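The values are calculated or read from the model by the stated rules, or taken from the named source; none is laboratory data. Predicted, not measured: the structure shown is a model, and the values here were computed from it. We place every Cβ from the backbone using ideal geometry, glycine too, and count neighbours over all the protein chains shown.
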Amino acid sequence: MKNRHKSTSSRNPGEIPEHDYLAMLTGLTHSGILWEPVNDTVMGGRSHSNAGFNSSGQLCFHGQVSLENNGGFASVRTRCRLGLGGFAGFRLRLAGDGKRYSFRIKTGKDGQLHRFSYEAVFDTRDALHSDHSGCWKNPGTTGLSDRSLSLADDSHEEIWLPFDRFRPVFRGRQVPDAPDLDPSDSGEVSLMIKDGQEGSFELQVSDIAAYRLPQENEQQWMELALAMAGESGTPYGAVIVGPDDRIISKAGNRVGAASDASAHAEIEAIRKAGKKQGSAGLSGCRLFTTVEPCPMCMSAVIWAGISEVYYGAGIPDVVAAGGKQIMMRAAELAGRTPDSPVLYEGLCRDACIRKL
Ligand SMILES: [Zn+2]
């Protein structure tokens with residue numbers, strides 16, 4: 001089991017959790033989220049930066065670092081309230097330019113944020129210099145032409161930042177008397193560059209997630225979804241669990257069996273659950289599905305008002321295994337929808353990939 005993550009070569013060596021993990025997609029890279037630049041100009045410097053979304057829906061942090069006037073940093077930040085109690089750290093999925101960056105989080109009770117931040121520093125691989133179709137040259141496009149590039153994912157790496165790697169800092173200095181980071185009351189996150197070098201920089205972030213160990217019952221429900229996949233003779237199985245942890249419905253893919261192109265496992269499970277409940281609304285319910293929902297199923301999840309979605313294999317995993325998929329991630333659809341379900345990925349991922 002130690003080599004379970006070998007299939008994704010892009011993870012940072014040494015940063016990979018040894019155990020199975022569950023990643024909550026935080027929605028911070030959805031195009032509706034406002035990221036605001038904060039640069040050394042607040043202290044008289046000359047650096048500048050901006051954050052926008054490229055045509056692949058990735059958050060692009062880009063700009064120019066200047067060391068003039070004792071400056072030398074650029075950053076972007078977004079306000080957010082993330083309930084991260086019980087989580088172990090952040091996982092960033094990004095393509096960088098070989099430079100050193102930091103990810104920061106501010107915490108504080110009831111929106112009263114501490115003045116200092118907690119900071120974790122990370123290095124990036126130079127993935128962008130070979131491809132200068134970078135976002136900053138083309139900030140306003142919304143075309144679909146390079147969407148498949150973002151899904152191919154080979155220029156992206158995963159950066160794992162356990163909470164115990166975060167250090168309290170204020171204006172570039174450590175804060176020795178700061179309390180330990182309490183991730184349950186986070187209020188702001190930021191991306192920063194202050195690597196002591198002048199020049200332009202660019203970071204493309206496709207996802208910011210918080211990760212934690214899965215709970216035993218979450219694993220059991222996914223194992224049941226895997227069993228439904230096995231019964232259907234396909235990689236696809238789904239289970240819907242009610243607010244009281246009772247299993248409401250379970251289903252495998254029946255496209256072939258029912259001669260119905262819409263009979264995906266998630267749709268089958270949603271139909272069964274609606275019938276059983278006597279209501280189309282499934283608010284408070286959780287969906288466990290072996291593979292990331294396609295746009296059809298994700299739409300049904302949203303219409304049903306399902307509160308949380310847990311998936312094992314991602315759409316890029318299906319494509320890597322030679323399967324056909326509509327190239328739109330569940331997070332993207334969720335990001336375009338108010339009150340969309342919380343998405344968790346990676347639950348029993350290896351077992352789900354083995355089914356593909
Ligand atoms: Zn589907």
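Within 26 Å of GLU188 (Cβ to Cβ) and modelled with pLDDT of 90 or more, is that true of ARG104? Give the derivation first.
Numbers: within 26 Å of GLU188 (Cβ to Cβ): yes; modelled with pLDDT of 90 or more: yes.
Yes.
Residues being in contact with a strand residue (DSSP E or B) (Cβ under 7 Å, 6 or more places away or on another chain) and either under 14 Å from LEU82 (Cα atoms) or of a type outside the set (Gly, Ala, Ser) (or both): count how many of those fall in region 174-196.
Here is the first cut: in region 174-196, the residues in contact with a strand residue (DSSP E or B) (Cβ under 7 Å, 6 or more places away or on another chain) are 174-175, 178, 181-182, 185-193, 195.
Filter once more, keeping what is either under 14 Å from LEU82 (Cα atoms) or of a type outside the set (Gly, Ala, Ser) (or both): 174-175, 181-182, 185-193, 195.
Number of matching residues: 14.
Regarding region 268-287, can at least one residue be identified that is within 19 Å of the chain's Cα centre (by Cα) and within 15 Å of the ligand (Cβ to nearest atom)? Even if it seems obvious, please write down each step before you answer.
The first filter runs over region 268-287 and keeps only residues within 19 Å of the chain's Cα centre (by Cα), leaving 286-287.
Next, only the ones that are within 15 Å of the ligand (Cβ to nearest atom) stay: 287.
Yes; the residues of region 268-287 include at least one that is within 19 Å of the chain's Cα centre (by Cα) and within 15 Å of the ligand (Cβ to nearest atom).
Give the residues of region 323-356 that are among the small types (Gly, Ala, Ser) and within 16 Å of ALA229 (Cα to Cα), sorted by residue number. Steps first, please.
Going through region 323-356, the residues among the small types (Gly, Ala, Ser) turn out to be 323, 330-331, 334-335, 340, 346, 351.
Hits for region 323-356 are GLY323, ALA351.
For region 238-253, name all the residues that are away from the ligand (no atom under 12 Å from the Cβ), out of contact with any Cys (no Cβ under 6 Å at 6 or more places or on another chain) and either in contact (Cβ under 8 Å) with a residue 24 or more places away in the chain or over 22 Å from GLY284 (Cα atoms) (or both).
Kept after step one, since they are away from the ligand (no atom under 12 Å from the Cβ), are these residues of region 238-253: 239-250, 252.
Filter again for out of contact with any Cys (no Cβ under 6 Å at 6 or more places or on another chain), leaving 239, 241, 243-250, 252.
Correct list: VAL239, VAL241, PRO243, ASP245, ILE247, ILE248, SER249, LYS250, GLY252.
Filter region 288-309 for residues that are within 15 Å of the ligand (Cβ to nearest atom) and closer than 18 Å to GLY27 by Cβ and give the result.
Of region 288-309, the ones within 15 Å of the ligand (Cβ to nearest atom) are 288-304, 306, 309.
Within region 288-309, GLU292, PRO293, PRO295, MET298, SER299, VAL301, ILE302, ILE306, VAL309 meet the criteria.
For region 73-107, which positions are touching an Asp or Glu at 6+ places or on another chain (Cβ under 6 Å) and outside any strand (DSSP E or B)?
Matches in region 73-107: PHE73, GLY98, LYS99.
Please verify whether THR41 is closer than 28 Å to GLN220 by Cβ, modelled with pLDDT under 95 and among the polar types (S, T, N, Q), treating the condition exactly as stated. Talk me through it step by step, then tell me what you get.
Values: closer than 28 Å to GLN220 by Cβ: no; modelled with pLDDT under 95: yes; among the polar types (S, T, N, Q): yes.
So THR41 does not fit the description; no.
What number of residues within region 251-267 are under 26 Å from the mean Cα position of the chain (by Cα) and of a type in the set (D, E, K, R)?
1
Please work out which residue is surrounded by the fewest Cβ atoms within 10 Å (Cβ to Cβ), limiting yourself to region 81-106 and to residues that are more than 17 Å from the chain's Cα centre (by Cα) and basic (Lys, Arg).
Checked region 81-106; the qualifying residue surrounded by the fewest Cβ atoms within 10 Å (Cβ to Cβ) is ARG100.
Conditions (1) surrounded by fewer than 22 Cβ atoms within 10 Å (Cβ to Cβ); (2) of a type in the set (Val, Ile, Thr); (3) not in a loop (DSSP other than H, G, I, E, B), marked per residue:
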position	(1), (2), (3)
ASP195	yes, no, no
ALA209	no, no, yes
ASN217	yes, no, yes
ALA225	no, no, yes
ALA229	no, no, yes
PRO243	yes, no, no
ALA261	yes, no, no
LYS275	yes, no, yes
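Report, ordered by the first and then the second residue, all pairs with beta carbons closer than 9 Å, sequence separation of six or more or different chains, a first member in region 107-134 that is surrounded by 14 or more Cβ atoms within 10 Å (Cβ to Cβ), and a second member that is at pLDDT below 85 and among the acidic types (Asp, Glu).
Pairs found: PHE122/GLU15; ALA127/ASP154.
Using beta carbons and a limit of 8 Å, which pairs, at least six apart or on different chains, have the first residue in region 266-287 and touching a residue at least 40 places away in the same chain (Cβ under 8 Å) and the second one among the small types (Gly, Ala, Ser) and away from the ligand (no atom under 16 Å from the Cβ)?
These pairs meet every condition: LEU282/GLY274; LEU282/GLY305; GLY284/GLY242; GLY284/SER307; CYS285/GLY242; CYS285/SER307; ARG286/SER307.
Restricting attention to region 41-75, which residues are crowded, with 19+ Cβ neighbours inside 10 Å, of a type outside the set (Ser, Thr, Tyr) and either farther than 12 Å from GLU198 by Cβ or under 27 Å from the mean Cα position of the chain (by Cα) (or both)?
ALA51, PHE53, ASN54, GLY57, GLN58, LEU59, CYS60, PHE61, HIS62, GLY63, PHE73, ALA74
What do you reckon, is ASP339 surrounded by fewer than 22 Cβ atoms within 10 Å (Cβ to Cβ) and assigned to a helix (DSSP H, G or I)? Walk me through how you get there before you give the answer.
Working: surrounded by fewer than 22 Cβ atoms within 10 Å (Cβ to Cβ): yes; assigned to a helix (DSSP H, G or I): no.
For ASP339, the condition - surrounded by fewer than 22 Cβ atoms within 10 Å (Cβ to Cβ) and assigned to a helix (DSSP H, G or I) - is not met.
Regarding PRO235, is this residue within 20 Å of the chain's Cα centre (by Cα) and either free of Cβ contacts under 8 Å to residues at least 12 places away in the same chain or within 16 Å of the ligand (Cβ to nearest atom) (or both)? Lay out the reasoning, then the answer.
On the way: within 20 Å of the chain's Cα centre (by Cα): no; either free of Cβ contacts under 8 Å to residues at least 12 places away in the same chain or within 16 Å of the ligand (Cβ to nearest atom) (or both): yes.
Against the criterion (within 20 Å of the chain's Cα centre (by Cα) and either free of Cβ contacts under 8 Å to residues at least 12 places away in the same chain or within 16 Å of the ligand (Cβ to nearest atom) (or both)), PRO235 does not qualify.
Residue by residue, here is whether (1) of a type in the set (Phe, Trp, Tyr); (2) touching a strand residue (DSSP E or B) at 6+ places or on another chain (Cβ under 9 Å) holds:
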site	(1), (2)
MET298	no, yes
ILE302	no, no
GLY305	no, yes
GLU308	no, yes
ASP317	no, yes
LEU333	no, no
THR337	no, no
TYR344	yes, yes
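Could you grab me the full set of residues in region 342-356 that are touching a residue at least 12 places away in the same chain (Cβ under 8 Å) and in a helix (DSSP H, G or I)? Break it down stepwise before answering.
Step one: filter region 342-356 for residues touching a residue at least 12 places away in the same chain (Cβ under 8 Å), giving 342-353, 355-356.
Selection gives ARG349, ASP350, ALA351, CYS352, ILE353.
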